[in-house]
1. Are any of the residues in segment 406-418 more than 27 Å from Gln519 (Cβ to Cβ) and at pLDDT 95 or above?
2. Quick one: which of Ala231, Ala250, Ala267 is among the small types (Gly, Ala, Ser), crowded, with 16+ Cβ neighbours inside 10 Å and more than 20 Å from Leu303 (Cα to Cα)?
3. Determine which single condition Glu443 fails, assuming it passes every other condition in (1) outside any strand (DSSP E or B); (2) buried (at least 22 other Cβ atoms within 10 Å of the Cβ); (3) within 19 Å of the chain's Cα centre (by Cα).
4. Which one is surrounded by the most Cβ atoms within 10 Å (Cβ to Cβ) among residues in segment 329-388 that are part of a loop (DSSP other than H, G, I, E, B) and of a type in the set (Gly, Ala, Ser)?
5. Which strands (runs of 3 or more DSSP E) sit wholly inside segment 95-183 and have at least 3 residues that are in contact with an Asp or Glu (Cβ under 6 Å, 6 or more places away or on another chain), surrounded by fewer than 22 Cβ atoms within 10 Å (Cβ to Cβ) and not aromatic (Phe, Trp, Tyr)?
6. Just checking, how many residues over segment 571-595 are without any contact (Cβ under 8 Å) to a residue 40 or more places away in the chain, surrounded by 17 or more Cβ atoms within 10 Å (Cβ to Cβ) and farther than 24 Å from Ile414 by Cα?
7. Looking at Thr124, Thr160, Thr203, Thr171 in this structure, which one is outside the structural domain of Lys94 (by TED's automatic domain parsing), among the polar types (S, T, N, Q), within 31 Å of the chain's Cα centre (by Cα) and closer than 26 Å to Val460 by Cα?
8. Counting only residues that are of a type in the set (Phe, Trp, Tyr) and in contact with a Phe, Trp or Tyr (Cβ under 7 Å, 6 or more places away or on another chain), how many does segment 567-618 have?
Amino acid sequence: MIGKVNNASGRKFSDCQLFEKYLLVRFYWKALPAVVISKAMNDQGRTLTLANMRKSINQALEAKDASLARALMAELWAASPGPASASIILPAFKTLKALTDEVQANKLNVCLLRSFAVEPCIPTLQAAALLGNVELNVTLGGFNTYVQDILSPESLAYSTHLDCVILGVQTRDIAPDFWFGKSVSAGEKIADVIGSIESLINTFRSHSDAYLLVHNLQQPTWTGAGVLDVASVDSQRDAICKINLGLVAAAEKHKGVHVLDYDSLVARHGRANWSDESRWLTMRLPIAMENIHHLSDEWLKYLVPISGRIAKALVVDLDNTLWGGVLGEDGVNGIQLDGEYPGAAYQAVQQALLDLSRRGVILAVCSKNDEADALTVIESHPGMLIGSDRFSVFKINWQDKATNIQAIADELNIGTDAIAFLDDNPAERLWVRQKMPEVHVIELGDDPMTFADALRRAPVFERLSLSSEDKWRRRQYAEQRQRKALQGSVASLEDFYRSLHLQLDVFLVTPAHVARVAQLTQKTNQFNLTTRRYTEVDIFRFLDDPLFDVFAARVKDRFGDSGIIAVVIVEAKDTKARLDTFLMSCRVIGKTVETGILSIIVDRLKAKGVKMLVGHFIASAKNLPAKSFFADHGFKENTKQDWQLELPQASLKMPDWIKT
């Protein structure tokens with residue numbers, strides 16, 4: 001049984017009442033089709049309208065049941081994403097924000113420069129982002145004024161508060177000869193198009209450090225030469241492919257510039273169905289209304305990682321999620337897991353999990369099952385593509401899923417807001433949404449053949465760059481389990497420290513380390529004195545500034561190399577230095593590594609003639625472990641709430657158990 005839950009108004013719901021609430025959610029959800037929401041029919045033949053759903057969400061908000069309101073909005077969006085649902089979700093979120101602050105959205109300022117109308121896309125983009133706990137403030141450039149917007153230093157594209165600029169230009173606007181299949185001198189024209197876009201990229205980067213997303217060029221549905229186009233190496237399609245490759249090469253010259261594969265997006269959803277010619281002619285909107293949410297989803301694959309709202313770990317169910325059937329009822333030989341239908345659907349999910357693991361996403365299992373039987377399937381079933389070594393934590397028991405997810409977060413030493421949850425059972429998804437609204441719940445339909453696609457569409461798993469630490473992460477968590485086992489076997493903390501054989505290397509950051517350093521500033525929460533978030537472009541700016549030193553630290557021990565686990569950014573002017581950033585991965589908290597790092601930084605500052613080191617602690621909801629850092633290391637607090645350390649008198653020394 002699920003148990004009892006208190007809603008926001010203080011009323012208690014029994015198991016039966018909670019299930020009735022769930023049925024209410026599912027009643028509306030099943031009645032909402034993918035496109036035409038206003039004429040849906042439920043099993044009993046009663047007509048349901050968009051107004052019904054709005055009423056249901058509003059009733060939950062009026063009852064101050066924030067978790068149910070969020071669950072209803074998430075289910076509505078999963079069933080029918082787009083402008084109509086956005087018109088319900090956006091005002092509902094304003095009310096929800098006034099009710100509760102239990103989930104803080106990451107804020108992001110975005111500017112859209114375009115050659116076509118995108119106004120109908122914006123509410124859809126904002127609604128989808130809010131459901132992922134990202135709040136977008138979107139500014140639009142003028143219609144088809146993207147060149148002027150980039151060339152003018154005074155344009156809104158260079159507003160100091162912008163985090164990201166999106167440049168969306170149609171093929172028909174920037175390369176009309178290739179769009180319409182006119183006879184052209186292909187080589188020169190290709191170079192001209194690439195050069196014009198590269199010039200815009202260079203100009204933008206000379207004025208702004210914001211991220212820049214550049215749409216590549218869409219192929220036409222029909223080529224001018226018909227079937228003869230594919231027979232020529234200088235074809236219309238080939239020319240557009242060459243332009244798109246040139247855009248990738250141009251973007252690679254700059255940090256923080258990325259190419260959004262707009263052509264593949266169109267192809268995935270069908271070239272013939274992507275556009276609505278009547279809307280293009282009347283509104284200059286080249287996208288059919290039913291495809292607007294697909295474009296928003298593609299934007300979010302970049303905007304979500306830029307915001308830092310990514311999932312570090314994915315918690316997966318087993319029965320009817322990783323394999324077909326219920327293990328306790330069907331037995332090891334009765335579950336569906338092979339290359340044929342329907343077992344192939346579950347192998348597709350496992351392949352998606354393997355792909356996520358290679359991106360550095362930690363995998364964990366949370367299942368109501370007999371542990372021995374479940375592990376037997378994972379380790380020895382011939383249809384399994386993913387082995388037990390790919391999972392960092394197993395919680396296979398009969399506790400509720402929310403309790404197990406919290407235990408997984410504790411074991412991995414990450415926040416629950418960095419966890420995504422995959423489960424075929426809608427009741428389990430609702431339960432986790434209500435108990436843990438900060439967890440990203442992957443919404444699934446009724447057809448297992450769509451499960452893998454749902455995983456691949458989720459923007460929380462996207463990464464704009466991969467560090468070596470990302471690729472090693474699964475191994476590092478295995479090593480962490482060995483450290484915990486060792487800690488439990490020694491008599492004292494000092495004995496534990498000495499038995500680790502810790503080695504610390506503190507060094508000045510080079511361009512090769514920038515991706516990892518920026519990543520740590522964006523996602524380190526617990527041991528982070530100021531919680532300042534920096535992009536790769538920001539870190540490069542620090543490297544170019546003679547007043548700043550950017551340090552990183554790497555730790556090794558008897559179990560392995562933890563990689564780069566700390567970042568320190570120091571600004572020094574004459575004899576005074578300021579700690580802009582001091583952060584450390586949660587994987588090395590509690591090993592006195594922070595003392596070792598600070599002692600090395602202080603020695604280097606002394607060598608430069610610095611007499612005073614000043615720091616500041618900016619409290620957040622999660623950085624309590626760092627609160628006593630300054631007091632613990634001899635800093636004195638002044639009346640401005642700064643902490644100061646007189647370096648000539650400082651007596652910091654490297655812990656005996658750490659070697660450098």
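The values are calculated or read from the model by the stated rules, or taken from the named source; none is laboratory data. The structure displayed is predicted, hence computed values, not measured ones. Here the Cβ is made from the backbone with ideal geometry for all residues, glycine too, and neighbour counts use every protein chain on show.
1. Initial filter on segment 406-418 (more than 27 Å from Gln519 (Cβ to Cβ)): none.
No, segment 406-418 has no match at all.
2. Details: Ala231 fails: crowded, with 16+ Cβ neighbours inside 10 Å; Ala267 fails: crowded, with 16+ Cβ neighbours inside 10 Å.
The match here is Ala250.
3. (2)
4. That would be Gly360.
5. Working: elements: 106-114, 134-143, 164-168.
Answer list for segment 95-183: 106-114.
6. Residues of segment 571-595 without any contact (Cβ under 8 Å) to a residue 40 or more places away in the chain: 571-578, 588, 590.
Imposing the further condition that a residue be surrounded by 17 or more Cβ atoms within 10 Å (Cβ to Cβ) reduces the set to 572, 577-578, 588.
Then keep just the ones that are farther than 24 Å from Ile414 by Cα; that gives 572, 577-578.
The total comes to 3.
7. On the way: Thr160 fails: closer than 26 Å to Val460 by Cα; Thr203 fails: closer than 26 Å to Val460 by Cα; Thr171 fails: closer than 26 Å to Val460 by Cα.
Of the residues listed, the single one that is outside the structural domain of Lys94 (by TED's automatic domain parsing), among the polar types (S, T, N, Q), within 31 Å of the chain's Cα centre (by Cα) and closer than 26 Å to Val460 by Cα is Thr124.
8. Step one: list which residues in segment 567-618 are of a type in the set (Phe, Trp, Tyr), which gives 582, 617.
Applying the additional criterion that residues be in contact with a Phe, Trp or Tyr (Cβ under 7 Å, 6 or more places away or on another chain) yields 617.
Of the residues in segment 567-618, 1 are of a type in the set (Phe, Trp, Tyr) and in contact with a Phe, Trp or Tyr (Cβ under 7 Å, 6 or more places away or on another chain).
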